[in-house]
Amino acid sequence: MAGRPDGDALPLGLRNRLAELILEAFDAPPARRALEALASFCRSEDGRVGVDAAERLAAFGCFAPAGSGRVQLLGTHRAHRDALCRRAAAAWAMLESHTVPTDGSTLLGLLTRAAWLADAGLYFEVHELLEPAWFRAEGAERVALQGLIQVAVAFHHLGNGNRDGAVSLLSEGLAKLETAGAALALDASEWIRSLGALLTAWRAGTPPPPIPGWPTPSEAARRST
């Protein structure tokens, strides 16, 4: 089953900055340490994170020093602490649970990362991760990538209470994935069927089945790399 969908919409600037940090943390140790510091802040009741972590959070741009080894969210960001922390904690747990490195310069690596993000409920980050690859792709591969992105955005809309947007984007994404066939090396046939059942329930207003886990690259594709 997939992770909890995005919810409690963050202001655009904060949302985009967090997404950037999460994606950078796959490859860049400084970003990984900054995300760890953010997760530490979220576990703290008084903002005490230690001097090094406080410096990293100050560089993040949404925090101010609040005494030795302590930080606080700036101004209006304080109202969004819970939503920020839910997303940051999910991202940090995702990174900690996947210790085998992936190659973000390959499509297989990106598709693997997309599955990790989606199953952590980080659907906006799936969109941000895959969009550059979609820009570069051609033919059926481009169609399939756009389909994945639209599915991710559908669940992002759902988490933010936009049910109509979720229905529309899931419908469009499924149509593209079905058109593209096996253009991507994903074990996706059962996932697509499950999404179809989910879409039917959304349209009918009946209790939907659980959101299925995001597909990962096929074993055959992994062995060929």
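Determine, yes or no, whether GLY13 is more than 25 Å from PRO217 (Cβ to Cβ), open to solvent by less than 70 Å² (accessible area, probe 1.4 Å) and more than 20 Å from the chain's Cα centre (by Cα).
Considered against the rule, which asks whether it is more than 25 Å from PRO217 (Cβ to Cβ), open to solvent by less than 70 Å² (accessible area, probe 1.4 Å) and more than 20 Å from the chain's Cα centre (by Cα), GLY13 comes out as no.
Can you name every residue in region 140-149 that is in contact (Cβ under 8 Å) with a residue 24 or more places away in the chain and either open to solvent by 20 Å² or more (accessible area, probe 1.4 Å) or among the basic types (Lys, Arg) (or both)?
ALA140, GLU141, VAL143, GLN146
Mind checking which residues of region 188-203 are surrounded by 14 or more Cβ atoms within 10 Å (Cβ to Cβ) and closer than 14 Å to PRO217 by Cα?
Within region 188-203, ALA188, TRP191 qualify.
Quick one: which residue in VAL151, VAL167 is farther than 26 Å from LEU21 by Cα and of a type in the set (Val, Ile, Thr)?
Of the residues listed, the single one that is farther than 26 Å from LEU21 by Cα and of a type in the set (Val, Ile, Thr) is VAL167.
If you take the residues of region 56-73 that are in a helix (DSSP H, G or I) and either of a type in the set (Phe, Trp, Tyr) or at pLDDT below 90 (or both), which of them is least open to solvent (accessible area, probe 1.4 Å)?
PHE60
Is it the case, given these coordinates, that LEU169 is without any contact (Cβ under 8 Å) to a residue 24 or more places away in the chain and touching a Phe, Trp or Tyr at 6+ places or on another chain (Cβ under 9 Å)?
Here the answer is yes, as LEU169 does meet what is asked.
Which is out of contact with any His (no Cβ under 7 Å at 6 or more places or on another chain) and in a helix (DSSP H, G or I), of LEU174, LEU169?
Only one candidate qualifies: LEU174.
Please go through (1) open to solvent by 50 Å² or more (accessible area, probe 1.4 Å); (2) closer than 18 Å to LEU117 by Cα for THR102 and return the number of the only condition it doesn't satisfy.
(1)
Kindly indicate which of GLY159, GLY165, GLY109, GLY173 is open to solvent by less than 50 Å² (accessible area, probe 1.4 Å), under 14 Å from the mean Cα position of the chain (by Cα) and not hydrophobic (A, V, I, L, M, F, W, C).
GLY159
The values are calculated or read from the model by the stated rules, or taken from the named source; none is laboratory data. This one's a predicted model, so the numbers in the text were calculated from it and none came from an experiment. Using ideal geometry, Cβ is built from the backbone for each residue, glycine included, and neighbour counts are taken over all protein chains shown. With ligands, DNA and RNA removed, areas are computed over all heavy atoms of the protein, side chains included. Shrake-Rupley method; radii C 1.70, N 1.55, O 1.52, S 1.80 Å.
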